[in-house]
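Read the structure below first, then the notes.
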Amino acid sequence: MNKSWWKEAIVYQIYPRSFNDANADGIGDLRGIIDKIDYIASLGINTIWLNPVYESPFDDMGYDIADYKNIASCFGSMADFDELLEKAHQRDIRILMDLVVNHCSDEHHWFTEAKQSKQSPYHDYFVWRDAGESREHPNNWISFFSGPAWEYNPQTDEYYLHYFSKKQPDLNWENPNVREEVQGIMEFWLAKGVDGFRMDVIGLISKPPGLPDIPEDTHDIGAFYNNGPRLHEFLQDIHAKVLSRYDCMTVGECPGATAEDALLLCGEDRRELQTLFHFEAMDVDKRSAEHYEVGKVSVPKLREVMQKWHDTLYGKSWNSAYLMNHDQPRSVSRFGDDDRYRIESAKMLATFQLTQWGTPYIYQGEEIGMTNCHFEPQEFRDIQMINYYREQRELGKSKEELLPGLLYKGRDNSRTPMQWDSSKNAGFSSSDNTWIKINPNYPAINVDAAERDPESILHYYRSAIALRKAHPILTYGRQELIELGDDALYGYLRKDEQEELWVILSFDAGEKPIRLKGLNQCQPLLGNYPAPSLKEEQLTLRPYEALVLKRH
Ligand code: GLC
Ligand code: CA
């Protein structure tokens, strides 16, 4: 298998708004990240993915870009960005930018001009349909953020398409000028020296031809919008014109993509993307088609999904391993136990992330076991939660009915500020007003406390990262399931010609006896409890125990 730096990437995701506020306006900023660069480096990670920092009205927290070549003033200046890039590079940390080009902001000059008149050179940058006399929507498409995906524009008597908020008009990729603009944006950042892109909802850029209605029985609108007929052509064009000239990394966000889709999008011979984020592991707690519901993680499903992706892609393509990001709830609250076994289960999840096949992504705060947060509806900041709550209240649902699902799944959970210490606002900001609520558990859960505790989740992350770096088979080796005969357990091995490592994970708060042939020939390399004795072929796993063993 070809080796490359991006396959060896261990990524730390930074959500700048909530990382560190250096100028006390209540919003995290680039200077704040620079101030913490040595902390970031101390984790042992080698790549940062930076959520959008471009100029934006922040209707969707920066995923609505008004100027792709400027930094939002709340985050600082281009000089700050250049300094961050330089300081990261000095520490051998690469930076991936978030490229959001399925849509832009309605405040981007392309759109402010496009909506004035059909004659504007920018009009065809967007997807329009005549309103006609009936004023009916062009089809039944709905937005990911509730309500129809069409908004009326009186100046031209047309509807424009928006898969997300009405302040995020979709770009018309059928127009070659749009494709050229995107390539120009990528060139701009690559010329500055950035190391690649996380490509926002890139699977959605080619629209279903003829804009047909969504069939009634569709559960997943992402899967319906995904994979338009010209997607591969558009990506190959970007590769040929831009990416092929740089040694950079790309990871596409692809809601609805299957492992077979990934072979086409990220096949090593295909010249499109290198890797993607699929959503199948984020669906293992789904009970119904409802997005906001209190879920329950199925470990058998998780095992099956991870193994299927490995088996389909290994040797031909590359995968990503993540348990959360800025769109998902906190991993320890969802996949672990954020109460009694918070420390044990967060370490178990760290073990999972850093021993799986696929580039690992750690989201800020995950390394100290930050948890979901309680919000009252008036404290919501996320447009998706706000719109959904408003819509459902209008339909007659009560707050009591709606809150559990929103608090379980809502995006604001991961967006509460990084907890640095036990001082005011968790050390995130000295402002009296932070842009979003601080999780009240910060006096106990923070970086400062974790640094001082040798048994902390933070130190465990450092060990797990170091282990991944020390054993290249954790990056390149193939992966096989180990049958442990229990629905709450997940075992797998990684191996190549020289070495074999076993990973045993318990997702359960009880004790779990296991029997495993060859266990007595193993030596523990990492675990979240004092190392067990491995003299026999049986063992009783402790609550949320994680073990990485070397087989002799
Ligand atoms: C992606 C982003 C999400 C954003 C959406 C629209 O899913 O991760 O935060 O709201 O795209 O840009
Ligand atoms: Ca600030």
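The criterion of at least 1 residues that are charged (D, E, K, R) and in contact (Cβ under 8 Å) with a residue 24 or more places away in the chain is met, among strands (runs of 3 or more DSSP E) falling completely within the range 457-552, by 478-482, 489-495, 500-506, 512-515, 546-551. Per the listing 324, 306, the residue uniquely farther than 30 Å from residue 390 by Cβ and within 20 Å of the chain's Cα centre (by Cα) is 306.
With the requirement that a residue be within 15 Å of the chain's Cα centre (by Cα) and more than 16 Å from ligand 2 (Cβ to nearest atom), what does the range 41-53 give you?
47, 48, 49
Filtered by the rule that a residue be away from ligand 2 (no atom under 16 Å from the Cβ), in contact with a Pro (Cβ under 8 Å, 6 or more places away or on another chain) and not in a strand (DSSP E or B), the range 10-40 gives a lone residue, 10.
Of the helices (runs of 4 or more DSSP H) that lie entirely inside the range 371-424, those containing 2 or more residues that are modelled with pLDDT of 95 or more and farther than 15 Å from residue 326 by Cα span 383-394, 399-409. For the range 195-235, a tally of residues being away from ligand 1 (no atom under 13 Å from the Cβ), at pLDDT below 95 and under 18 Å from the mean Cα position of the chain (by Cα) returns 1. Select from the range 139-162 the residues that are polar (S, T, N, Q) and part of a loop (DSSP other than H, G, I, E, B) and write down the one among them that is nearest to ligand 1 (Cβ to nearest atom). Filtering the range 139-162 for residues that are polar (S, T, N, Q) and part of a loop (DSSP other than H, G, I, E, B), the one nearest to ligand 1 (Cβ to nearest atom) comes out as 143.
Per this entry, residue 83 is not counted among residues that are more than 21 Å from the chain's Cα centre (by Cα) and touching a residue at least 60 places away in the same chain (Cβ under 8 Å).
Rundown of residues vs (1) in contact with a strand residue (DSSP E or B) (Cβ under 8 Å, 6 or more places away or on another chain); (2) among the aliphatic types (A, V, I, L, M); (3) more than 14 Å from ligand 1 (Cβ to nearest atom), yes/no style:
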| position | (1), (2), (3) |
| --- | --- |
| 51 | yes, no, no |
| 65 | yes, yes, no |
| 94 | yes, no, yes |
| 120 | no, no, yes |
| 130 | yes, no, yes |
| 136 | no, no, yes |
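For first residues located in the range 55-73 and closer than 18 Å to residue 166 by Cα and in a strand (DSSP E or B), partners that are modelled with pLDDT of 95 or more and among the β-branched types (Val, Ile, Thr) and lie 6+ apart or on another chain with Cβ distances below 8 Å form the pairs 55/65; 55/71.
Residue selection: residue 318 satisfies the criterion of being assigned to a loop (DSSP other than H, G, I, E, B) and either closer than 21 Å to residue 278 by Cα or in contact (Cβ under 8 Å) with a residue 40 or more places away in the chain (or both).
Does residue 305 satisfy being hydrophobic (A, V, I, L, M, F, W, C), away from ligand 1 (no atom under 16 Å from the Cβ) and in contact with a Gly (Cβ under 8 Å, 6 or more places away or on another chain)?
The answer is no for residue 305.
What do you reckon, is residue 26 away from ligand 1 (no atom under 16 Å from the Cβ), surrounded by fewer than 20 Cβ atoms within 10 Å (Cβ to Cβ), more than 21 Å from the chain's Cα centre (by Cα) and at positive phi? Against the criterion (away from ligand 1 (no atom under 16 Å from the Cβ), surrounded by fewer than 20 Cβ atoms within 10 Å (Cβ to Cβ), more than 21 Å from the chain's Cα centre (by Cα) and at positive phi), residue 26 qualifies.
If you go through the range 83-123 and keep only what is within 16 Å of residue 47 (Cα to Cα), in a helix (DSSP H, G or I) and away from ligand 2 (no atom under 16 Å from the Cβ), you end up with 85, 86, 87, 88, 89, 90. State whether one or more residues within the range 88-103 are acidic (Asp, Glu) and in contact with a Leu (Cβ under 8 Å, 6 or more places away or on another chain). Among the residues of the range 88-103, at least one is acidic (Asp, Glu) and in contact with a Leu (Cβ under 8 Å, 6 or more places away or on another chain), which makes the answer yes. Taking the condition part of a loop (DSSP other than H, G, I, E, B), within 29 Å of residue 4 (Cα to Cα) and touching a helix residue (DSSP H, G or I) at 6+ places or on another chain (Cβ under 7 Å), does residue 309 pass? It is false that residue 309 is part of a loop (DSSP other than H, G, I, E, B), within 29 Å of residue 4 (Cα to Cα) and touching a helix residue (DSSP H, G or I) at 6+ places or on another chain (Cβ under 7 Å).
The values are calculated or read from the model by the stated rules, or taken from the named source; none is laboratory data. Predicted, not measured: the structure shown is a model, and the values here were computed from it. Note that each Cβ is placed from the backbone with ideal geometry, even for glycine, and that neighbours are counted across all protein chains shown.
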